[in-house]
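Notes for the one structure printed next.
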Amino acid sequence: MKRKTSSDWNTMGPRTASSPTLAGFKHPRWDDSTSSPNSRRVMMPTGALGGGSGRSGSEGGSANDLVMLQQRRNLPMAAARPRFLSEVAKHETVILIGETGCGKTTQIPQYLHEARLEAPHAIAITQPRRMAAISIAKRVAQEMRVSIGSLVGYKVRFEDCTDTVSRLIYLTDGMLLREAMLDPLLSRYSWIVLDEAHERTISTDILFGVVKAAQRERRVTTTNLCPLKVIVMSATLDADKFSDYFHKAPILFVSGRQFPVDVRHVRDSQDDWQSATLSTLFQIHQEAPERHDMLVFLTGQEEIETMMRQIRRIAKDISGPKMTLLCLYAAQQTAIQQKVFFPTKAGCRKIVLSTNIAETSLTIPGIRYVIDSCRVKAKVHQPSTGLDMLKVVRISQAQAWQRTGRAGRDAEGQCYRMVTRAEFDRLPKDSTPEILRCNLSNVILQILSIGVKDILKFDFMQRPPGDAIEGALRQLKLLGGVDDQNQLTPEGKKMAAFPIDPKLTKMILRAKDLGVTEEIVSIVALMSGESILVTPTAKKEEALNSRRKFVSSEGDLITYLKIFRAFKSSNNKDQWCQQHFVHQRNMTFALEIRKQLIDLCHKLNIPIQSNVGQTDLIRRAIAEGMFVNVAKLTREGYYVTLDSRQQARIHPSSVMFQTKPELVVFTELISTQKNYIRNLTLVDANWLLEAQPDYYRQHRIVTGD
Ligand code: CDP
Ligand code: MG
């Protein structure tokens with residue numbers, strides 16, 4: 001392995017006030033002299049501990065409780081508590097800005113509860129990620145010394161851990177949106193805390209409009225509900241747009257604890273950032289003192305697992321402290337993820353490989369080094385085609401600074417960026433909100449089912465471009481979800497009830513007519529989580545051989561179904577998964593989703609029917625749901641997507657990589673250097689023509705061009 005010498009790095013020089021270290025450049029010292037004058041800004045005091053009623057019984061208890069209590073009291077948020085409470089008492093909406101880790105998510109709901117402000121209803125705290133919602137709820141339950149699911153609960157897709165007595169409810173933004181569909185006034189809540197607002201996920205963006213409307217309704221109409229209070233929390237400074245949207249709500253700043261971080265950029269551009277990351281990681285590992293922990297930002301589960309194996313292999317021959325190697329990504333079990341919070345043992349170094357989940361949602365103690373790939377896997381949408389693609393893209397400068405900040409929580413730190421200084425300067429300053437980059441069909445279904453009559457007049461905080469809304473409406477019309485007046489059809493209502501892409505719901509609805517709901521629900525469940533197959537590079541042949549008996553010439557989705565059936569009927573699941581290189585955790589997750597989907601089908605009077613031998617019926621249901629994702633083989637040997645007319649190749653992981661059938665539907669188009677289509681199913685042109693005659697005549701499915 002090529003070792004990096006420090007001369008490979010563009011060092012940014014000593015930490016002087018003028019050097020762009022985190023302290024000098026971005027360090028948010030929130031006092032009047034450094035922040036720009038703004039009458040809406042209220043500075044929060046720091047230093048003195050804010051009083052607390054201790055209503056949750058946080059005094060006394062075991063040594064562990066005391067440590068936790070001390071930790072709570074030391075959080076920057078604690079000093080700001082009295083000021084926070086007096087501001088929220090005065091205003092209907094408040095914007096709260098505080099550095100990641102200062103205690104917003106865990107403390108704010110507790111402060112409201114301790115001050116008895118939540119009565120008569122509950123506090124909802126939204127999170128963009130299910131894993132953060134679960135782990136933070138558990139932490140808060142622990143701090144309050146109650147069992148999870150009682151006073152403190154969480155609600156995420158496919159899992160409800162709340163009770164009628166729950167008062168602090170952590171839930172994903174998507175989940176709160178679903179609640180708003182049934183109850184637009186959000187009458188279960190006195191407070192809505194929209195957390196991680198800077199992430200600007202689609203669901204949070206819609207929620208801005210939903211809670212604003214609910215506030216107005218509860219204010220002006222004579223309901224017996226209390227006024228709805230809203231707190232918008234963000235880790236970045238650009239709070240003015242939130243404030244403007246909520247009738248110039250006051251902005252509260254709380255200063256964080258941030259030590260200086262030295263930032264270094266690679267001198268030369270890195271196409272292979274994984275290798276550069278590895279060599280940097282080992283260089284630091286050999287040179288840095290023990291218990292100086294490291295956090296590495298990568299793009300996804302697969303990349304993390306690959307790098308983990310590489311690190312383990314290389315580490316055998318390398319000196320340095322003992323490594324505690326951990327990973328952090330969305331599809332992980334909470335118990336495993338919880339390990340990153342444990343303090344590092346003497347003689348060890350914790351190395352955490354994470355997706356952008358550690359950027360602002362979770363704070364890992366002990367981190368002194370950050371290695372930042374400066375990349376993220378993001379959903380990217382093309383309004384012209386209606387397709388969403390998962391794509392590895394560069395992050396924004398704002399995100400890079402957030403990641404850098406993770407190295408300066410406990411002491412001075414260092415951050416190594418896998419982009420050159422010039423590349424960094426060319427990164428966009430802020431990330432584009434998801435609502436401006438993604439397929440809006442789900443968004444529109446959700447907004448319509450909340451009772452919004454005219455989608456074109458919805459009070460978006462940032463309105464998506466007209467052609468994106470038009471494109472999504474077009475797709476929904478083709479799927480039969482909205483009518484020509486842009487109103488929900490009965491079918492559209494069903495689509496909105498399922499927490500999945502409308503194309504997948506369409507598959508289920510078609511499966512009902514074809515008598516194969518059991519099979520389609522299983523396939524949809526398998527498509528809803530992370531990959532169920534493990535194919536380690538070192539054992540690729542062995543893995544493929546072990547699964548060969550399941551491979552179907554009808555495509556990947558039918559192959560997954562066969563694997564799923566075999567898994568379900570196996571007696572020893574551990575052994576079976578190991579033998580067939582199947583990811584047991586992801587498979588179990590799919591099984592759980594399947595159960596939830598079946599429950600939903602029962603509620604919507606969709607019978608669960610199975611027709612085992614009839615794979616053509618299964619493929620037909622898939623085709624009719626996924627009909628905008630058709631690709632056709634060209635004479636030149638590549639594929640062209642019929643809707644968007646893009647060139648693509650079959651992904652090497654597909655069972656159809658060699659066979660190259662004439663016509664397929666795919667569930668995913670991945671765009672790296674080339675376009676790849678994934679998760680394929682063989683389809684018959686006649687089915688598509690029968691189901692969507694006008695559409696397919698227009699898209700020339702029959703003629704061989
Ligand atoms: O929301 P914000 O980023 O402001 O901070 P938070 O999530 O409320 O976390 C406050 C502190 O609690 C952080 O410093 C975390 O390290 C700690 N924490 C923890 O130790 N274990 C958890 N499961 C969650 C948070
Ligand atoms: Mg937080």
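The values are calculated or read from the model by the stated rules, or taken from the named source; none is laboratory data. Predicted, not measured: the structure shown is a model, and the values here were computed from it. Glycine gets a Cβ as well: all are built from the backbone with ideal geometry, and neighbour counts include every protein chain shown. Just the protein is used for accessible areas: all its heavy atoms, side chains included, with ligands, DNA and RNA removed. Shrake-Rupley method; radii C 1.70, N 1.55, O 1.52, S 1.80 Å.
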Considering only protein heavy atoms and a 1.4 Å probe, what is the carbon-and-sulfur percentage of the accessible area of region 630-702?
-> 45 percent
Taking H as built 1.01 Å from N, whose amide H comes closer than 5 Å to the amide H of MET323, not counting residues under 5 places away?
-> ARG349
So what J values fall out for region 562-578 if you push phi through Karplus, 6.51 cos²θ - 1.76 cosθ + 1.60 with θ = phi - 60°, rounded to Hz, Gly and Pro as x?
-> 5, 5, 4, 4, 5, 4, 4, 8, 6, 7, 10, 5, 3, 5, 4, 5, 4
Return the whole-Å distance between the Cα centroid of region 349-364 and the Cα centroid of region 241-317.
-> 8 Å
First check a/c for region 54-140, with a ≥ b ≥ c the square roots of the eigenvalues of its C-alpha gyration tensor; if it is under 1.5, answer rounded, and if not, answer prolate when a/b is larger than b/c or oblate otherwise.
-> rounded
For the chain, what does -39500 (n - 2.57) per DSSP helix run (n ≥ 4), summed and divided by total residues, give at 222 nm, in deg cm²/dmol to the nearest 500?
-> -11500 deg cm²/dmol
Would you please give the residues with an amide H less than 5 Å from that of GLN646, counting only those at least 5 places away or on a separate chain, with H modeled from the backbone geometry?
-> THR641
Share of carbon and sulfur in the accessible heavy-atom surface of region 251-315 [1.4 Å probe, %] | 43 percent
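With a 1.4 Å probe and all protein chains left in place, how much accessible area per residue does the chain have, in Å²?
41 Å²
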Electrostatic dipole magnitude of region 234-331 [Cβ: Lys, Arg +1; Asp, Glu -1; Cα centre; debye, to 20] = 340 debye
Say a paramagnetic label sat at a point 7 Å from the Cα of ARG188, along Cα to Cβ; which residues of region 489-515 have their backbone N under 19 Å from it?
-> 496-500
So who's got an amide H within less than 5 Å of the one on SER552, skipping anything under 5 residues away but keeping other chains? H placed 1.01 Å off N, in plane.
-> THR559
Scalar couplings 3J(HN,Hα) for region 338-354 by Karplus 6.51 cos²θ - 1.76 cosθ + 1.60 (θ = phi - 60°), nearest whole Hz, x for Gly and Pro, are 4, 4, 5, 7, 5, x, 6, 6, 4, x, 10, 9, 8, 10, 10, 9, 9
Cross-link pairs LYS377/LYS429; LYS212/LYS377; LYS494/LYS632; LYS322/LYS377; LYS212/LYS453 - those with Cα-Cα distance over 20 Å = LYS212/LYS377; LYS494/LYS632; LYS322/LYS377
Size of the dipole of the chain about the Cα centre, Lys and Arg at +1 and Asp and Glu at -1 on the beta carbon, nothing else charged, in debye to 20?
-> 1180 debye
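Would you please give the FRET efficiency between ASP238 and GLN658, computed as 1/(1 + (r/R0)^6) with r the Cβ-Cβ distance and R0 = 60 Å, to the nearest 0.05?
Numbers: r = 50 Å, r/R0 = 0.83.
E between ASP238 and GLN658, to the nearest 0.05, is 0.75.
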Accessible surface of region 501-581 [probe 1.4 Å, protein heavy atoms]: carbon and sulfur percent = 46 percent
Probe 1.4 Å, all protein chains present, accessible-area order of THR535, THR681, largest first | THR535, THR681
Determine ³J(HN,Hα), in whole Hz, for all residues of region 418-433 in sequence, where each value follows from phi through the Karplus function 6.51 cos²θ - 1.76 cosθ + 1.60 and θ = phi - 60°; x replaces Gly and Pro.
-> 8, 10, 6, 4, 5, 5, 4, 4, 8, 5, x, 5, 10, 6, 7, x
